[in-house]
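K.L.:
I have a structure here, written as structure tokens, and I will follow up with some questions on it.
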Amino acid sequence: PKGRIVDLVPLAVIEIVSPEDRISQTLERFRDYASPGVSEIFLLDPENYIAHRFDRQSLLRTGSTEIRLPNGAIPFDIDQLFEKLRYERERED
């Protein structure tokens, strides 16, 4: 968008956990995302290799392999993503 205010609703939101995150703030932010119609909201924790999907006001642990969008689905294999991250970290050590 050209203006300073974003008025388009994203199809999906994927957030990465940071050490400063608090669950109450995260849930509030996810509710804000969901209220205008974002249906696919994920929270990824790369330190613990855990993923959650926000659904019906709750975070549910997931191992999703796709993101469902109005016009179909796109691949998003969380387990494969974490496996690649593990591999890269082992190579660094």
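K.L.:
May I ask you to list pairs of residues, at least six apart or on different chains, whose Cβ atoms are under 6 Å apart, with the first in the stretch 19-44 being modelled with pLDDT of 95 or more and the second being part of a strand (DSSP E or B) and open to solvent by 70 Å² or more (accessible area, probe 1.4 Å)?
P.N.:
That search, which allows pairs on different chains as well, returns PHE42/ILE14; LEU44/ILE16.
K.L.:
A further question on this structure: Here is a list of conditions, (1) outside any helix (DSSP H, G or I); (2) exposed (fewer than 12 other Cβ atoms within 10 Å of the Cβ), and ILE74 meets all of them except one; can you say which number that is?
P.N.:
(2)
K.L.:
Now for a separate question. Which residue is nearest to GLY72 (Cα to Cα), if the candidates are limited to the stretch 1-49 and must be part of a loop (DSSP other than H, G, I, E, B) and among the β-branched types (Val, Ile, Thr)?
P.N.:
In this case the residue turns out to be VAL38.
K.L.:
While we're looking at this one, here's another question. Would you check if there is a residue in the stretch 11-24 being open to solvent by less than 70 Å² (accessible area, probe 1.4 Å) and over 30 Å from GLU90 (Cβ atoms)?
P.N.:
Within the stretch 11-24, none of the residues are open to solvent by less than 70 Å² (accessible area, probe 1.4 Å) and over 30 Å from GLU90 (Cβ atoms).
K.L.:
Looking at PHE82, PHE54, which one is touching a strand residue (DSSP E or B) at 6+ places or on another chain (Cβ under 6 Å), free of Cβ contacts under 8 Å to residues at least 40 places away in the same chain and of a type in the set (A, V, I, L, M, F, W, C)?
P.N.:
One residue alone meets the criteria, PHE54.
K.L.:
Do we find a residue being in contact (Cβ under 8 Å) with a residue 40 or more places away in the chain and under 11 Å from the mean Cα position of the chain (by Cα) anywhere in the stretch 4-11?
P.N.:
Among the residues of the stretch 4-11, not one is in contact (Cβ under 8 Å) with a residue 40 or more places away in the chain and under 11 Å from the mean Cα position of the chain (by Cα), which makes the answer no.
The values are calculated or read from the model by the stated rules, or taken from the named source; none is laboratory data. Quick caveat: nothing in here was measured; it's all calculated off a predicted structure. Neighbour counts are summed over all protein chains in view; Cβ atoms, including those assigned to glycine, are modelled from backbone coordinates with ideal geometry. Note: areas computed on protein heavy atoms with side chains; ligands, DNA, RNA excluded. Shrake-Rupley method; radii C 1.70, N 1.55, O 1.52, S 1.80 Å.
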